[in-house]
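Just so it is clear, none of the values below were taken in a lab; they were calculated from the coordinates. Just so you know, these numbers come straight off a predicted model, no measurement behind them. Cβ: placed from backbone, ideal geometry, glycine included. Neighbour counts: every protein chain shown.
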């Protein structure tokens, strides 16, 4: 199984490095940056399965990261972290498709569980889509085959 790629976006160096260390130990491939602009540059260079963005950062916050990242990598799952999320921020995050918000300070187990659940959901969606494609193709071929046989009978009837 491939290790999922996670991008951490947090302006607090210590928090960023602590999360990087935890997630590296969990077996993820982790990149960590200190700003929204760095995150977008990184996302243009490589694909990430999940982004973990701080809600409150100096220039652009986590919501702006999520919004701009959707343009570059629409299948990357966004999670937000923050010290004092409010109702308006939570509502905006939900409307933008943020999977979860993790409140600082958090326990290692909370962080790992939220990430595992988000990645599991992504895998389930991808697996469902992967399994539907052959079914759609088979139905299409069956319909085409039925149309062919109807056309063939029509031609035979006209020829006789």
Show me 32-41, 109-118, 86-95 ranked by packing, highest mean number of other Cβ atoms within 10 Å first.
32-41, 109-118, 86-95
Can you compute log10 of I(q)/I(0) for segment 5-131 with the Debye formula, treating each Cα as one identical point scatterer, at q = 0.17, 0.21 Å⁻¹?
-0.82, -1.31
Of 156, 17, how do they rank once you tally other Cβ atoms within 10 Å and put the fewest first?
156, 17
